[in-house]
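Worksheet: the structure to be examined is printed underneath.
The values are calculated or read from the model by the stated rules, or taken from the named source; none is laboratory data. Only a predicted model underlies this, so the values are computations on that prediction, with no experimental measurement involved. So basically every Cβ, Gly included, is an ideal-geometry build from the backbone, and we count neighbours across all protein chains shown. Just so you know, the surface numbers come from the protein's heavy atoms only, side chains and all, with ligands and any DNA or RNA stripped out. Shrake-Rupley method; radii C 1.70, N 1.55, O 1.52, S 1.80 Å.
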Amino acid sequence: MKIALLSDIHGNARALKAVLNELKDKKVDKMYILGDLCYRGPEPKNALETVRSSPAKVLKGNADEWVVRGVLKNEVPDNALALMNQERDWTVERLSQEDVNYLSRLPESFLESFSDSVTMHAFHATPTSLFDVVTADHSDKELEEKLSIDTEANIIVYGHIHTPFIKTIGDKTFINTGSVGLPFDGDPRPSYVLLHIENDTFSASIHRVSYDLQRVLNQYDANDYPNSEQMKAVVKQGKKP
């Protein structure tokens with residue numbers, strides 16, 4: 001069985017389509033998208049429609065929650081709150097109420113058993129929060145304590161930090177998919193993970209996809225996106241603002 005794991009599209013429909021085009025050639029059996037579908041990119045409607053037309057099982061991320069109810073105080077730095085809500089309002093204006101309702105109804109985790117000894121727990125940030133941040137440089141103990149609440153699963157998959165990694169600790173493998181639309185690891189190319197399962201064994205690998213990044217940069221300006229200069233810098237450099 002071959003499984004594709006994606007996350008954090010952030011309204012970058014062009015990046016998403018580049019990944020999906022590559023996955024057609026990979027002939028994957030299942031696909032999971034772990035949230036943050038629309039917000040902070042130049043094509044929220046296109047990105048969401050592309051997600052919904054795919055065969056993927058889809059989770060909710062913190063940015064999807066923000067689209068539904070706005071960005072609240074203490075969820076971002078105070079000096080960013082007004083601008084991020086302006087970006088949120090811009091996004092909502094381009095979606096239908098049914099789109100927003102779809103985001104509100106998304107589940108927050110999946111627990112999937114692929115064989116007697118291969119079980120995956122997938123979520124956006126942590127098993128108990130859409131917002132908490134657990135990075136790759138956390139200690140092994142912290143990764144286990146914060147991400148491995150469900151002891152049945154031996155594959156733990158999440159998004160949120162926009163930095164892909166794969167790390168095995170004991171009998172558990174921790175996977176971050178990185179980001180399709182807004183990478184933060186210095187490589188602006190979209191990332192995703194392929195999970196190969198054969199009988200009772202599995203392996204995982206990180207993949208990057210080239211795409212027309214300049215056209216996405218142009219879209220921010222053409223679509224009058226608020227905060228376009230900062231967001232273009234993030235997309236171009238693949239680094240957190």
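Close contacts from region 149-168, counting a first residue that is under 23 Å from Gly186 (Cα atoms) and open to solvent by 30 Å² or more (accessible area, probe 1.4 Å) and a second that is outside any loop (DSSP other than H, G, I, E, B) and modelled with pLDDT of 95 or more, with Cβ to Cβ under 6 Å and a gap of 6+ residues or different chains, come to Thr163/Asp185; Ile166/Ile175; Ile166/Ala204; Lys167/Phe174. Inspect all residues belonging to region 30-44 and state whether any of them is free of Cβ contacts under 8 Å to residues at least 12 places away in the same chain, on the phi > 0 side of the Ramachandran plot and part of a loop (DSSP other than H, G, I, E, B). The answer is no; no qualifying residue exists. Among residues of region 169-191 that are open to solvent by less than 30 Å² (accessible area, probe 1.4 Å), those with a Cβ under 7 angstrom from a residue that is part of a loop (DSSP other than H, G, I, E, B) and among the aromatic types (Phe, Trp, Tyr), sequence gap 6+ or separate chain, pair up as Pro190/Tyr211.
Quick check on region 47-59. Is at least one of its residues of a type in the set (Ser, Thr, Tyr), open to solvent by 60 Å² or more (accessible area, probe 1.4 Å), out of contact with any Ser or Thr (no Cβ under 9 Å at 6 or more places or on another chain) and farther than 21 Å from Ile175 by Cβ? Taking every residue of region 47-59 in turn, at least one turns out to be of a type in the set (Ser, Thr, Tyr), open to solvent by 60 Å² or more (accessible area, probe 1.4 Å), out of contact with any Ser or Thr (no Cβ under 9 Å at 6 or more places or on another chain) and farther than 21 Å from Ile175 by Cβ.
What are the residues in region 117-148 that are touching a residue at least 60 places away in the same chain (Cβ under 8 Å), open to solvent by 10 Å² or more (accessible area, probe 1.4 Å) and under 14 Å from the mean Cα position of the chain (by Cα), if any? Those that are touching a residue at least 60 places away in the same chain (Cβ under 8 Å), open to solvent by 10 Å² or more (accessible area, probe 1.4 Å) and under 14 Å from the mean Cα position of the chain (by Cα): Leu130, Phe131.
So that you can scan it fast, the table gives a plain yes or no per residue for (1) among the polar types (S, T, N, Q); (2) in a helix (DSSP H, G or I):
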| site | (1), (2) |
| --- | --- |
| Arg189 | no, no |
| Phe202 | no, no |
| Arg215 | no, yes |
| Gln219 | yes, yes |
| Tyr225 | no, no |
| Lys232 | no, yes |
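Selection of first residues in region 1-18 that are closer than 21 Å to Asp200 by Cβ and at pLDDT 95 or above and of second residues that are open to solvent by less than 10 Å² (accessible area, probe 1.4 Å) and of a type in the set (S, T, N, Q), restricted to Cβ pairs under 8 Å at least 6 apart or on distinct chains, gives the following pairs, ordered by first then second residue: Leu5/Thr177.
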